[in-house]
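Working notes, structure below.
Each reported figure results from applying straightforward, stated rules to the coordinates on display, with no laboratory input. Predicted model, so just to flag it, every value in this text is computed and none were measured. We place every Cβ from the backbone using ideal geometry, glycine too, and count neighbours over all the protein chains shown.
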Amino acid sequence: MPEETHATSAFLSGIREGIEVVSVAIEVLAIVIIVIGIIIGTVTFVRRSRPRWPDPVAYGLYKEQMARSLLLGLEILVAADIIRTVALEPTLNAIAALGLLVLVRTFLSWALVVEMEGRWPWQPRGRAEPEPVASTTE
């Protein structure tokens, strides 16, 4: 019987370590996405602004690139937090902290959408504003 308990404990410990590694890997992915977005956006901004400094069109595109990178990074960070909290530490305090993190990140996401599109996420698009088109590979 003690061997079973030890084996079960070792197995559960391995699963916990695996979940921790996965959640950290997801966080690193989010950071990489944000950093790459900043680098690509900055390089593009500098190239577009070279002939005419400051170029308001290039600046607008730069802000949009930054917002999209941050938005995607925030979404991925929320996923990592959910995995870590639900799988590793499902206590009331941890879930309350997760709720607060999700609220803050949701507010930031909404603020980024307002910055990019000039409307709240739940507001309908204007008539002149086209719906995003999903690309298909055939």
Discussion item. Can you show me the helix-derived [θ] at 222 nm for the chain, built from DSSP H runs with n ≥ 4 at -39,500 (n - 2.57) apiece and divided by the number of residues, rounded to the nearest 500.
Written reply: -28500 deg cm²/dmol
Discussion item. Can you compute the modelled spin-label distance between Glu115 and Ala79, with each label point 7 Å from Cα toward Cβ, in nm?
Written reply: 2.2
Practice prompt. May I ask for the angle, rounded to the nearest 10°, between helix 2-49 and the longest principal axis of the chain, with both axes built from Cα atoms and the value confined to 0 to 90°?
Written response: 10
Fill in: Distance in nm between pseudo-label sites at Ile19 and Thr91 (7 Å out along the Cβ direction from Cα)
1.5
Item to complete: Please return the longest stretch of the chain lacking exposed loop sites, where trypsin sites (Lys or Arg not before Pro) count only if DSSP places them in a loop and at most 10 other Cβ atoms lie within 10 Å.
Response: 53-126
Item to complete: Apply 1/(1 + (r/R0)^6) to the Cβ-Cβ distance of Val35 and Gln123, taking R0 = 30 Å, and write down the FRET efficiency to the nearest 0.05.
Response: 0.45
Worksheet entry | Rg over Rh, two decimals, the chain (C-alpha only, Kirkwood Rh) | 1.15
Worksheet item: Counting Lys and Arg as +1 and Asp and Glu as -1, each charge on the Cβ, what is the dipole of region 9-117 about the Cα centre in debye, to the nearest 20?
Response: 520
Worksheet item: How far is helix 92-117 tilted off the main Cα axis of the chain, in degrees rounded to 10, range 0 to 90?
Response: 10
Discussion item. Just to confirm the number: angle between the C-alpha axis of helix 56-88 and the first principal axis of the chain, 0 to 90 degrees, nearest 10?
Written reply: 10
Worksheet item: Which shape class applies to region 20-87: rounded if a/c is under 1.5, otherwise prolate when a/b exceeds b/c and oblate if not, where a ≥ b ≥ c are the square roots of the Cα gyration tensor eigenvalues?
Response: prolate
Worksheet item: From the residues Gly60, Ile38, Val21, which one has its Cα farthest along the dipole of the chain in the positive direction, the dipole being from +1 and -1 charges on Cβ of Lys/Arg and Asp/Glu about the Cα centre?
Response: Gly60
Discussion item. I need to check one value: relative contact order of region 9-117, counting alpha carbon pairs closer than 8 Å and at least 6 residues apart, in percent.
Written reply: 35
Worksheet item: Separation of region 56-82 and region 1-45 by C-alpha centroid, Å?
Response: 21
